[in-house]
1. When only C-alpha pairs under 8 Å and at least 6 residues apart count, what is the relative contact order of the chain, in percent?
2. For a quick protection proxy, order the peptides 366-373, 252-259 by their average other-Cβ count within 10 Å, most packed first.
3. Rounded to the nearest whole Å², what accessible area per residue is found for segment 13-127 with the 1.4 Å probe?
4. Could you name the aspartates and glutamates in cross-link range of K235, using Cα to Cα under 18 Å and dropping any fewer than eight places away on the same chain?
5. So for each of 346-358, 10-22 I average, over its residues, the number of other beta carbons within 10 Å; can you give me the resulting order with the highest mean first?
6. Ordered by packing density, taken as the mean number of other Cβ atoms within 10 Å over each peptide's residues, highest first, how do 74-81, 124-131, 152-159, 50-57 rank?
7. Give the Debye-formula value of log10 I(q)/I(0) at each listed q (0.13 Å⁻¹), with one equal scatterer per alpha carbon of segment 222-305, two decimals each.
8. Loop only per DSSP, at most 11 neighbouring Cβ atoms within 10 Å: give me the GluC sites (Glu not before Pro) in segment 298-362, ordered by residue number.
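The values are calculated or read from the model by the stated rules, or taken from the named source; none is laboratory data. Only a predicted model underlies this, so the values are computations on that prediction, with no experimental measurement involved. Cβ placement follows ideal geometry from the backbone for every residue including glycine, while neighbour counts extend to all protein chains displayed. Protein only, heavy atoms only, side chains kept; ligands, DNA and RNA dropped before computing areas. Shrake-Rupley method; radii C 1.70, N 1.55, O 1.52, S 1.80 Å.
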Amino acid sequence: MKELTLPNIELPEDAEFLRKEIREFLNKERKQGSFEPKCDTWLGGYSAEFSRKIGHQGWLGMTWPKKYGGHERSALERFVVTEELLAAGAPVAAHWFGDRQTGPLLLRYGTEEQKQRFLPLLAKGEIYFAIGLSEPNSGSDLASVSTRAKKSGNKWIVNGSKIWTSGAHHAHYMITLVRTAPVGDKKHEGLSQILLDLSAPGITIRPIHLMTGEHHFNEVIMEDVEVSEDMIIGKEGEGWKQSLAELAYERSGPERFMSTYPLLEELVRRLSDSDSDYAKIAVGRLVARLWTLRKMSLGVAGLLEQGKSPEIAAALVKDLGTEYENEIIKVARLLIPSNPSVTAESSFDALLAQAILHAPGFTLRGGTTEILRGIIARGLGVR
Ligand SMILES: Cc1cc2nc3c(=O)[nH]c(=O)nc-3n(C[C@H](O)[C@H](O)[C@H](O)COP(=O)(O)OP(=O)(O)OC[C@H]3O[C@@H](n4cnc5c(N)ncnc54)[C@H](O)[C@@H]3O)c2cc1C
């Protein structure tokens, strides 16, 4: 079996100064009533106003070049901002995908014109992106996508549908994986990524409601949608390789183990007067696991900063992290008598209900547990 090692990353002093700054900002925002902590806000907590404020603070596009509106700070400083936003349960969904993966994707593969057009708006928190990968008949087996883009003059004509598209009803653009050449011997070939304007004629966005009743994801139907040829990202036919490169960003960040962190914090607050050794041990275990996951996630951030593509380690963080998010729910239910409801007045009951109702998605989104374990096993040479 091959070894999997991650660098031991310590946060520099600058990053800790930044932590203080962002905590002060978040406390102030909370006191002013701009948000109430919630679970899973990186997918469900939409506030364009809040995203613009984060952009104004210089906390979006943090690592990108200044000439594209970025701030040329380190990936570790970005890590601190990310974990503080998640810990606070702040409404960050509007900008999340754009800051996490569309920006890096465009920096790596986009044309100069695309970079100049989109990155400064992303860094200001003024433009939002959805991810158009999954289709009604294509989820884990992503290379089987059947949405097609056909060339007609200087345009692409796109037909097909995407499903489970988070935030498409708020987003301006969708990074859409399409087939630009017929399926050949290798189905991973002939795929491309297109920047699709979600307000274009021929696009219908239908809501799919969560168990909480919230409108979070959608079905996006594309009928003869015209897309200018310069909206292709990178090289035609290289969409598979480019999409895979995005996954290390998508799978390894603190959002993969902190979706239920606001519940953990409330649990600790509730137990602060408890004398129960059982409760202390259970919470101690949760905190120790959190620390380990954080170390691993930081290690992946360190490798990404060095320009590496740590797909296997990223898959491991997501697998262990999502299991952990569910464990917080289990422990919270065991330790505190509760009556979970999203409309509950008690913040513990409300956070618990949000966590329970969002939990089924944790191990599915961004690659299911079974698929991730396959990647890890192959990477370690045991499959
Ligand atoms: C909250 C949430 C948000 C999402 N947001 C987005 C989004 O913004 N954009 C987007 O494109 N998609 C999004 N998705 C979709 C997500 O990426 C897919 O649900 C996921 O890739 C799985 O695909 P599927 O649902 O078609 O399940 P399937 O692929 O049909 O899988 C069904 C089951 O079979 C198992 N399985 C499948 N293949 C194998 C195999 N080879 N070996 C072992 N087991 C296997 C899976 O693990 C799973 O348990 C979101 C999903 C959720 C839950």
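1. Once divided by the residue count of the chain, the mean separation gives 17 percent.
2. 252-259, 366-373
3. 43
4. Cross-link targets: E112, E113, E189, E246.
5. 346-358, 10-22
6. Highest to lowest by the protection proxy: 124-131, 74-81, 50-57, 152-159.
7. Taken in order of the listed q values, log10 I(q)/I(0) reads -0.65.
8. Those that pass, being in a loop and sparsely packed, are E345.
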